[in-house]
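No value in this document is a laboratory result; all are computed from the given coordinates. The shown structure was predicted, so the numbers you read here are calculated from the model rather than taken from an experiment. Positions of Cβ are backbone-derived with ideal geometry, glycine not excepted, and every protein chain shown enters the neighbour counts.
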Amino acid sequence: MHYYPFMRLLLVEDELDIRSFLKCSLEEAGYQVDAAADGRTAEKLAIEGVYDILIVDLGLPDQDGISLILKLRQRGVNAPVLILSARRSVDDRVRGLEQGGDDYLTKPFALAELLARLRNLLKRNSPPDNQPTRLRVLDLELDLLRREATRSGQLLQLTPQEFVLLEYLCRNAGRVVTRSMVLDKVWGMRIQPDTNVVDVHIYRLRGKVDGKGQQPLIRTLRGVGYVLKDR
Amino acid sequence: MSSRTAKPILHSAAWRISLWATLAFACGTMLVFVFLHRFVADDIQRRSDAWLSGEVEVLGDVAARTPKDAVYGRVVGEVAELAGKEVPNRLLSESSENDSVFFLQAGSDGSAKLWVGAGSGEPNLRSIRAASILPGRPTDIKVQGFDIPFRVASMRMEDGSLIYLGLSERDELRVLRNLRSRFILLWMLLVLLGFGIVFYTTRRMLSHVRQITEAASRIGHSDLNARVPTTQRSDEVGQLALTLNHMLDRIENSMHQLHTITDSLAHDLRSPLTAIRGKLEMSLSAVAQPEQSEPIVSAIEELDRLDDFLNKSLDVAEAKADALRLIRSEIDLDGLLRSMIDLYEPSMSERGLQIALRSAAPLKIFADASLIHRMIANLFDNELKHLPAACTVTIKLQTEDSAAVLILQDDGPGFDPQVLPHMFERRVKGKDSQGHGLGLAFIDAVARAHGGNVSACNRITGGAQVAVTLPLT
């Protein structure tokens, strides 16, 4: 299930391998994808067509990705941009763009993370919906004000941190979240631990949420991430 | 404030240079004066000797020609008194009584025949007899009742008697004393003025050196854009600034070169990694059977480890060259450690490990958040991977001398003593370690990049200890 079907996306990436798998994966995720291999083509496409979102690689053969974005902004292209980069250093101009509402993702990345970032960028541009005070996924219900979770009416004994983790999974129900996304959003850390610390948290949470005889909701997709089933 | 500025002035090079220069100047001028003083004193002496010899000759002549009758004493006495009024260097404002000159004629038997001067003349005669005065050679004698010695010239008369003319050295000494006191006053003023001028100029010159030093020390690791201030002058200090700036140019250039290399290395490796990872993920989503997915999953995990390894190696390499780029922000180490413990605690208790934090209050440092997070995660990962069950990890956070000190202690087997001295080098790891041997090198690199350091040791009570020191600002 995707919240933004038929969104028009312009993918600017010079590496054929990356471009083709991204196009394929993004189309599978429900985007209408146009791809450009260089800056000039991208400029032409972006100005002629109407796109909801852009993915721009920084290292283009004919020009710098940031110059392209700045040029497009001048020409009135206001769609949010997800910047991809394989560089080590984050350019100050990239930070400027980040503050302007665009996002930045370092290669290599997990597809789930790319999709999550795209969703966030699109959400930012749409009017904010009322902040819900309750989240409901199948028979799992979260009261965000009282910080309580119930499953089939049974109160779950969760620690505050487990509640935050479950809330994050619920907000992304039906979608894969990766380890680094969980670490970033739940613990506020951009780290890559050598150990399976997040798995242990998920395992414990699963033990509390998925009781005996109940349909297991939290799934670990090895090598990809975790997902809270919504059907 | 004054005590804070006074100390550096007394310890400054300008102060020392001024002191030595002033000392040399003072000694030199003093030496010149000593010679001058001697010359003046000798000259005065010579003049008064010439006067004495001349006058004693005149008096002798008068005495010889004057008949030895009743008026002899009066005639010779008046001539002698007249001579006393022409004393060289004499102060005019003095009292009418002339005690600076005496005339004495002594018979061949040694008795006084004629005396002109202040007092009875008895002590003068005694002193003259005690000091054998040769005619034609003026000599100093000390007379009882007078503080200042007399210069006495003598002449032998034809009748065998001796005439003596004495001149007090009082006026001569007063002239010299005046000279000395004026010189000392002038000398002190000169020395003070000289000190002031030397101190001012050297301080001004050295203040530029100080500015250069301050600027150079501000140009920290990885911030090489700044340059030391230069002057228009092309003196030594100006040259120093220029040379330093040239050196900084070269360092910045090599640093830029290094960044270009690590950037392109990262780019060249990450691009294929991205493509491979994407393809693996796509094929993973196409696989229906869980057992078929296993090799793909492990390939993705390997790939993520490779990416992590690449990042850490480049971080360590850049840090070794003092070229690690930091994006600093305020971090609360206390809060960070609490969330880190929260993150690691389940995994630790799963392995039978205890974890305890000893930190009193929030401790803010100004550092690169991502690097500090990864560094602390690395420390925790190390404990998690290497500690046997039933051990306790104690984390202490404290402030010492404007630095945050983070100490990780455990009661496990401790570090391999053979590895301990090389702990923070790349690719050094214990026998049983499964990591790539970058963990501690990375921790060291991050601490150094922030101007701190890491030390590791085995505790006396058993177990390992790693201490990370990070400056607060």
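Relative to the Cα centre, the charge distribution of the protein assembly as shown, modelled as +1 at Lys and Arg Cβ and -1 at Asp and Glu Cβ, gives a dipole magnitude of about 780 debye. Nothing charged except the Cβ atoms of Lys and Arg (+1) and of Asp and Glu (-1): what's the magnitude of the dipole of chain B about its Cα centre? Round to the nearest 20 debye. Around 1280 debye, computed over chain B.
Summarise the partner chain shielding of B:280-290 as one whole number: the mean count of Cβ atoms from other chains within 10 Å of each residue's Cβ.
Numbers: counts 3, 9, 6, 0, 5, 6, 0, 0, 0, 0, 1.
Per-residue shielding by partner chains comes out at 3.
Note on chain B: the C-alpha convex hull projects to 42.8 nm² when averaged across all orientations.
Taking the convex hull of the Cα atoms, report for the protein assembly as shown its projected area averaged over all directions, in nm².
Values: hull surface 218.2 nm².
Here the figure is 54.5 nm², rounded to one decimal.
If you rank B:Ser108, B:Ser339, B:Ser271 by fewest surrounding Cβ atoms within 10 Å, what's the result? Walk me through the numbers on the way to the answer.
Working: B:Ser108 12, B:Ser339 17, B:Ser271 20.
Fewest-to-most ranking of B:Ser108, B:Ser339, B:Ser271: B:Ser108, B:Ser339, B:Ser271.
Using 0.36 nm per residue and subtracting the Cα-Cα separation, the extra length available between B:Lys320 and B:Gln418 on full extension is 33.0 nm. Modelled spin labels at A:Phe6 and B:Glu78, positioned 7 Å past Cα toward Cβ, are 15.2 nm from each other.
Anything over 24 Å Cα to Cα? Flag those among A:Lys107/A:Lys229; A:Lys123/B:Lys312; A:Lys71/B:Lys312; B:Lys364/B:Lys396; A:Lys44/A:Lys123, in the order listed. It would help to have the intermediate numbers written out before the result.
Numbers: A:Lys107/A:Lys229 28 Å; A:Lys123/B:Lys312 34 Å; A:Lys71/B:Lys312 35 Å; B:Lys364/B:Lys396 15 Å; A:Lys44/A:Lys123 26 Å.
From the list (A:Lys107/A:Lys229; A:Lys123/B:Lys312; A:Lys71/B:Lys312; B:Lys364/B:Lys396; A:Lys44/A:Lys123), the Cα-Cα distance tops 24 Å for A:Lys107/A:Lys229; A:Lys123/B:Lys312; A:Lys71/B:Lys312; A:Lys44/A:Lys123.
Dividing the alpha-carbon radius of gyration of segment B:328-471 by 2.2 N^0.38 Å (N being the number of residues), what value is obtained?
Values: Rg = 14.3 Å, N = 144, 2.2 N^0.38 = 14.5 Å.
Output field value: 0.98.
Helix B:13-65 and the longest principal axis of the C-alpha atoms of chain B enclose an angle of approximately 0°. Computed about its Cα centre, the charge dipole of segment A:38-181 is approximately 80 debye, with only Lys, Arg, Asp and Glu carrying charge at their Cβ.
Ignoring the sites themselves, chain B has its longest run without GluC sites (Glu not before Pro) in a DSSP loop having at most 16 other Cβ atoms within 10 Å at B:159-424.
Can you work out the FRET efficiency for the pair B:Asp249 and B:Phe39, with r the C-beta to C-beta distance and R0 = 56 Å, to the nearest 0.05?
On the way: r = 61 Å, r/R0 = 1.09.
With a Förster radius of 56 Å, E is 0.35.
Between A:Asp64 and A:Glu28, the modelled labels are 3.5 nm apart [label points 7 Å from Cα along Cα→Cβ].
Which value in deg cm²/dmol, rounded to the nearest 500, describes the helix-derived mean residue ellipticity at 222 nm for chain B, given -39,500 (n - 2.57) per DSSP H run of n ≥ 4 and division by the residue count?
Details: 10 runs with 263 residues, N = 473.
Here the helix-only value at 222 nm equals -20000 deg cm²/dmol.
On average, how many beta carbons from a partner chain sit within 10 Å of the beta carbon of a residue in B:256-266?
Working: counts 0, 0, 0, 3, 0, 0, 3, 6, 4, 1, 7.
Mean number of neighbouring Cβ atoms from other chains: 2.
The longest stretch of chain A left intact once loop-based chymotrypsin sites (Phe, Trp or Tyr not before Pro) with at most 16 other Cβ atoms within 10 Å are removed from consideration, loops following DSSP, is A:7-231. Each of A:Pro80, A:Val200, A:Gly100 was placed along the dipole of chain A (beta-carbon charges, centred on the mean Cα), and the one lying farthest toward the positive end is A:Val200.
If R0 is 51 Å, what FRET efficiency do you get for B:Trp20 and B:Cys457 from their C-beta distance, rounded to 0.05?
Details: r = 48 Å, r/R0 = 0.94.
With R0 = 51 Å, the Cβ-Cβ based efficiency is 0.60.
How much net charge surrounds B:Arg129 when only other residues with a Cβ under 12 Å from its Cβ are counted (Lys, Arg +1; Asp, Glu -1)? Could the numbers behind the result be given before it?
Values: positive: B:Arg126; negative: B:Asp109, B:Glu122.
With Lys, Arg at +1 and Asp, Glu at -1, the net is -1.
Considering only beta bridges that DSSP places wholly inside the protein assembly as shown, some 70 percent are antiparallel.
Which whole number gives the average count of other chain Cβ atoms within 10 Å of the Cβ atoms across peptide A:19-27? Could you put the intermediate results ahead of the total?
Numbers: counts 2, 4, 9, 3, 0, 3, 4, 0, 0.
Mean shielding by partner chains, rounded to a whole number: 3.
Estimated from the Cβ-Cβ distance and a Förster radius of 56 angstrom, the FRET efficiency linking B:Val209 and B:Asp69 is about 0.05. Distance between the 7 Å Cα→Cβ label points at A:Asp230 and B:Ala467: 5.3 nm. Overall size of segment A:134-228 from C-alpha positions, given as principal axis extents largest first: 38, 28, 21 Å.
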